[in-house]
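Everything below concerns the one structure shown next.
Read the figures in this text as sums done on the coordinates, not as results from a lab. None of these values were measured; they are calculated from a predicted model. Note: ideal-geometry Cβ built from the backbone for every residue, glycine included; neighbour counts use all protein chains shown.
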Amino acid sequence: MYANSLFTAYLTENALGVRPGVLYPPIDVKLIRKYAMSNKEPIVSMLARFSSSKGQDFVIRAFSRALSIYGDEEDLELVLMGAADDLASLSYVKHLMKLSRELGISRRVRFMVNPSIDTVYRVLGGSTVFIHVRPYEPFGIVVAEAMAAGAIPIVHKSGGPWIDIVRMGRYGLGFSNEEEAALGMCRAMEIAKELRDAVMERVREFSYEAFRNRVDAIVKEFGI
């Protein structure tokens with residue numbers, strides 16, 4: 001039995017009494033790295049389906065607080081990317097646009113609805129920071145993809161993104177509430193250059209090559 005993260009393995013052991021091995025799902029590190037810009041823009045990006053369960057409203061509020069901390073004169077921008085292909089998700093996008101207007105930050109928030117994968121990678125490649133807010137995510141492969149593009153991750157202090165990918169603050173920042181998320185955005189902007197190489201090196205563990213090597217080791221272990 002194999003789990004997609006240490007976090008999932010822990011939950012499985014608690015539920016079934018059996019500790020599974022870990023086999024991380026792979027990403028195309030080589031492809032995504034081609035999009036990484038050496039001169040990053042002051043962008044905080046997020047990639048998730050537009051849904052209240054994904055927390056885009058939380059991110060907008062946190063970004064508004066970050067602007068007041070970091071300084072409104074700075075050219076910070078929030079880019080929200082995701083699918084919205086039904087009435088509920090499209091209605092939620094309108095709600096988010098209204099929220100950004102009410103907070104007085106609409107000129108700083110850009111919505112990219114149903115972007116192509118090429119567009120997604122281009123935005124990630126130009127972003128200084130990437131934020132992922134859903135708690136207790138089993139793995140969070142989008143965080144690894146953002147890191148491969150050179151973005152500094154900010155994740156909720158729970159689940160696979162925090163435990164497995166960011167390694168509890170070693171390769172990014174974490175938060176537990178809106179204030180910490182806002183402070184994390186500011187801090188990530190400040191340390192991005194010094195942390196970027198380590199972040200991009202970290203995701204080698206999630207490459208296709210690493211996945212194949214791990215599968216080969218498992219096959220040999222069981223003598224298949």
For Glu137, list long-range residues whose amide hydrogen, built 1.01 Å from N in the peptide plane, is under 5 Å from its own amide hydrogen.
-> Gly160
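Starting from the exponent 0.38 and prefactor 2.2 Å, build the expected Rg for the range 20-125 from its residue count and divide its actual Cα Rg by it.
Details: Rg = 15.5 Å, N = 106, 2.2 N^0.38 = 12.9 Å.
Ratio of Rg to 2.2 N^0.38 Å for the range 20-125: 1.20.
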Under 5 Å from the placed amide H of Ile152, counting only residues 5+ away or on other chains, we find Val129, Phe130
Once phi is turned into θ = phi - 60°, what whole-Hz ³J(HN,Hα) does the Karplus curve with 6.51, -1.76 and 1.60 give for every residue of the range 12-24, x standing for Gly and Pro?
-> 5, 5, 5, 7, 10, x, 10, 8, x, x, 10, 10, 5
How much length is gained if the chain between Ser68 and Leu6 is pulled fully straight, taking 0.36 nm per residue apart and subtracting their Cα-Cα distance, in nm to one decimal?
-> 18.6 nm
With the contact rule set at Cα under 8 Å and sequence spacing of 6 or more, what percent relative contact order holds for the chain?
-> 25
Pull up the DSSP beta bridges for the chain and report the antiparallel fraction as a percent, rounded to 5.
-> 0
Rg and Dmax of the range 28-203, using alpha carbons, in Å: what are they?
-> 14.7, 43
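Between Asp85 and Glu221, what's the calculated FRET efficiency when r is the beta-carbon distance and R0 is 30 Å? Round to 0.05.
Efficiency computed from Cβ-Cβ geometry: 0.10.
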What is the packing order of peptides 135-141, 176-182, taking the mean over residues of other C-beta atoms within 10 Å and listing the highest first?
-> 135-141, 176-182
Between Arg107 and Glu13, what is the label-to-label distance in nm when each label sits 7 Å out along the Cα-to-Cβ direction?
-> 5.3
Difference of contour (0.36 nm per residue) and Cα-Cα distance, Arg167 to Arg122 | 13.6 nm
Report the extension gain between Phe211 and Lys94 in nm, rounded to one decimal, defined as 0.36 nm multiplied by the number of residues separating them, less their alpha carbon distance.
-> 38.1 nm
Pop out the ³J(HN,Hα) list for the range 81-86 in order, Karplus 6.51 cos²θ - 1.76 cosθ + 1.60 with θ = phi - 60°, rounded to Hz; leave Gly and Pro as x.
-> 10, x, 7, 8, 10, 9
The range 5-85: GluC sites (Glu not before Pro) in DSSP loop, at most 11 other beta carbons within 10 Å | Glu73
For the range 26-47, list residues with backbone N below 19 Å from a point placed 7 Å from the Cα of Asp197 toward its Cβ?
-> 33-34, 36-40
Once amide H atoms are built 1.01 Å from N in the peptide plane, which residues 5 or more positions from Val79, or in another chain, come under 5 Å H to H?
-> Val44, Ser45, Met46, Arg110
Can you run phi through the Karplus equation (6.51, -1.76, 1.60; θ = phi - 60°) for the range 191-198 and list ³J(HN,Hα) in whole Hz, with x for Gly and Pro?
-> 9, 4, 5, 6, 9, 4, 4, 5
For the chain, what is the mean residue ellipticity at 222 nm derived from helices alone (per DSSP H run of n ≥ 4: -39500 (n - 2.57); sum divided by total residues; nearest 500 deg cm²/dmol)?
-> -14500 deg cm²/dmol
